[in-house]
Each structure stands twice: as structure tokens, then as C-alpha cells.
């Protein structure tokens, strides 16, 4: 008589684990909704969510923006002609990006220029300054804070070719819709 050994199916373990993770995600979402519906305000909600180890809406928006900002900055860097090691970006309480330009401004021949982006200001060209020094902004790209990378490249070329300063006043919005910024960035990096 042949003895049949029990079959260990790693596939069934994987499926069970995936199902458990999905069930945990559903329960975490339910917990977050319950908390959100019973809080006095957004500060109360965010504190309670943090105590339970659940992500806050601001954290989710920041994660999405960070994931979209990196490829968008790389696309702008490529269009402008800046190597990858000359760029940096981050999303904390504000979202920012930096690209080191290889040119200098005639009025500051001893200082490098940089192309900077902020979630409220959009793109601007500035003179590198030391920490604590007043920033020297030469020009801001008006309009869309997330323009097509080729539009940013044209702005840089035009600004560096002109002899005057193309500065504009920047009016900071009270709030920034990070989901909208993320969608705009994704549009320029997934359709090109």
C-alpha cells in the first residue's frame, strides 16, 4: 500500500497571506473612516490616526506627490540638460526640487545658478546663496506650477539669454492641492 504524503502547497500559503493582507487593509480603512467620522477636527483626526499607526490623508498625499515628483524632476532635468546627480527633490511639510545649472548670471559671476521648484511658487531661477543669506531670485515661470518639462527648458533658455531680470510677484495660495499636483506631474511623465 502506497502512503500518500500531505501536499504542502506554497501557492496556497501565498494566497492565504495575500488574503490576510487584503483583509487587514480593509479593516485599517474601516478604522480610519470610523475615526474620521467621530473627530472634532482634522488635528484630532490626525492625532488619533497616528496613535493607531494609520496613515493620515496628508501622509497619503505626500507619498503620492513624492512618487510623482521624482520622475517629473528627472524629466525637467533631461529637458534642461542637467545630469541626474545635479538634482534633488523632497516632500516634507513642503515639496521642493533643485537642479544645479551649469551657467552663471552676469551680475553674479562668482555664484552658480540653480533652477528651483516649490509646490506654491512653481519654477524659478535663483543665484546660489549661503544658508542664512537672502535668496536672489532672478525669474519665476508664471502660470502653471507644473508645466511640461519642455516649457521649463524654454523658460531657462529665455531667462539665461535675456539681460534683464524677469521676476514676478508670487502670491502663495492658502492651501496646495497635492493630489492635483501629483496628477499634473504624472501627466507629463507618463504620456511622453
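Worth pointing out:
- Between residue 31 and residue 158, the distance separating the two model label sites (each 7 Å from Cα on the Cα→Cβ line) works out to 5.2 nm.
- q = 0.20 Å⁻¹: log10 I(q)/I(0) that the Debye formula gives for region 59-190, counting C-alpha atoms only: -1.22
- Extension gain (nm, one decimal) between residue 47 and residue 18, 0.36 nm per residue minus Cα-Cα: 7.5 nm
- Between residue 78 and residue 137, the FRET efficiency estimated from the beta carbon spacing at R0 = 22 angstrom works out to 0.40.
Where a number appears in this text, it was derived from the coordinates with a stated rule and is not lab data. Predicted model, so just to flag it, every value in this text is computed and none were measured. So basically every Cβ, Gly included, is an ideal-geometry build from the backbone, and we count neighbours across all protein chains shown.
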